[in-house]
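Please read the structure below before turning to the comments.
The values are calculated or read from the model by the stated rules, or taken from the named source; none is laboratory data. Keep in mind that this is a model prediction, so the values were computed, not measured. Cβ placement follows ideal geometry from the backbone for every residue including glycine, while neighbour counts extend to all protein chains displayed. Please note that ligands, DNA and RNA were not included when accessible areas were found on the heavy atoms of the full protein model with its side chains. Shrake-Rupley method; radii C 1.70, N 1.55, O 1.52, S 1.80 Å.
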Amino acid sequence: MLKLEMAGATRPAGWFATLEVPAEDGSWRADVMASSTDGNRRLVWEAQLSPITVDDIAARTDRYAKEGIRVCWVYPGARPPQWITAVSAVRVRAPQERNEPWQVDDGLAGFVYRSGRWKFQEEPLERFVRWALEEQLVSSELLPRYRRMYLVVDGEQRRFRRDRWWTSQKSIADQGRHEVMRQRQDAARAEREARQKEQEEAAERRRREVEEQERAREAEEAERRRLERDVCALRRRGGGGRRKLSAGSGRGRSARRVWPGNRPSVRSRSARTWRRRGRGGAGCRRSSRPSCLLPSLSTPDASQVFGWRSRRSR
């Protein structure tokens, strides 16, 4: 029934449709072979209902491609098969009512430039067939950035991954333009991040320099304080000796300063000695010259003049 439906959708588009067309060497058999009126273009519709692996379906697709034949795999199941994203394929839904058309509900999408995402599209099978035959729709691979899609199924949003599907040339161009814009944004973001990283590194270097300068200043301050403490300690140790020396010799800071008026002269000391030891009163007080400066006292004339006896005479 699906093969008949594919053939019935091909003929209104102005193409010939033939069922069960084998290859000349018997390497393949097409379910529905669609050929243009001039015979230069061919497209095979393969109704795949039985399970098949991804490698097998990819190998069968390559056999068609070697002979220049395009192919589209059609799956009528309720859930998309694993190979729907590996080859050019669509999933169709049978009508619930007799008058309703078959619908393509997976494998066909359009790119929304504003949101930067692919969006599932549902189209009647007959319209999709005509667009595919006229190459208004082509099977195209998606860029890695845009392979995730979202679809609401039974009131729940689900995420799907598609690597290839049928879309228009405009959607492919919009995807390319959006990718260029994203690359520019990524480059600008990377440049901002690099500049910010540079600024952070420069700030970190400045912070480290300030810390090193602060540590050097603190080390210098500590060294200066240590030297001051050492000098003070040395002064304290050296100052005690000087004070002791001053106390004994009269030359230190704590010693009483002796002015010339307070210094006892040899003359006054000798005069006191004369007053204490001599017998003459007034004559001895008036004489203040020491004995070393007086004339010899051994002569009788000197003793008579000064009125006191010499030490020898005593």
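Of note:
- Within the range 52-68, being open to solvent by 10 Å² or more (accessible area, probe 1.4 Å) and over 49 Å from the mean Cα position of the chain (by Cα) holds for ILE52, ARG60, ARG63, ALA65, LYS66, GLU67, GLY68.
- Of the residues making up the range 75-101, those that are part of a loop (DSSP other than H, G, I, E, B) and touching an Asp or Glu at 6+ places or on another chain (Cβ under 6 Å) number 1.
- Of the residues ALA78, ALA47, ALA94, the single one that is within 50 Å of the chain's Cα centre (by Cα) and hydrophobic (A, V, I, L, M, F, W, C) is ALA78.
- Residue within the range 119-133 that is over 21 Å from TYR75 (Cα atoms) and either touching a Ser or Thr at 6+ places or on another chain (Cβ under 6 Å) or not basic (Lys, Arg) (or both) present: no
- Contacts under 8 angstrom Cβ, first residue in the range 167-186 being under 18 Å from ARG147 (Cβ atoms), partner open to solvent by 70 Å² or more (accessible area, probe 1.4 Å) and of a type in the set (D, E, K, R), 6 or more apart: GLU179/ARG145; ARG182/ARG145
- Considering (1) assigned to a strand (DSSP E or B); (2) acidic (Asp, Glu); (3) surrounded by 20 or more Cβ atoms within 10 Å (Cβ to Cβ), the lone condition that GLU5 does not fulfil carries the number (1).
- The range 98-119 - residue that is open to solvent by 60 Å² or more (accessible area, probe 1.4 Å) and closer than 20 Å to VAL138 by Cβ and, of those, farthest from the chain's Cα centre (by Cα): LYS119
- The residue of the range 12-63 that is nearest to LEU125 (Cα to Cα), among those that are part of a loop (DSSP other than H, G, I, E, B) and of a type in the set (S, T, N, Q), is GLN48.
- Residue identified as part of a helix (DSSP H, G or I), in contact (Cβ under 8 Å) with a residue 60 or more places away in the chain and of a type in the set (A, V, I, L, M) among ALA132, ALA219: ALA132
- Residues satisfying the stated conditions in the range 152-173, i.e. under 19 Å from ASP105 (Cβ atoms) and open to solvent by 60 Å² or more (accessible area, probe 1.4 Å): VAL152, ASP154, GLY155, GLU156, GLN157, ARG158, ARG159, ARG161
- Candidate set from the range 12-51 (those that are aliphatic (A, V, I, L, M) and open to solvent by 40 Å² or more (accessible area, probe 1.4 Å)); member that is farthest from VAL90 (Cα to Cα): LEU19
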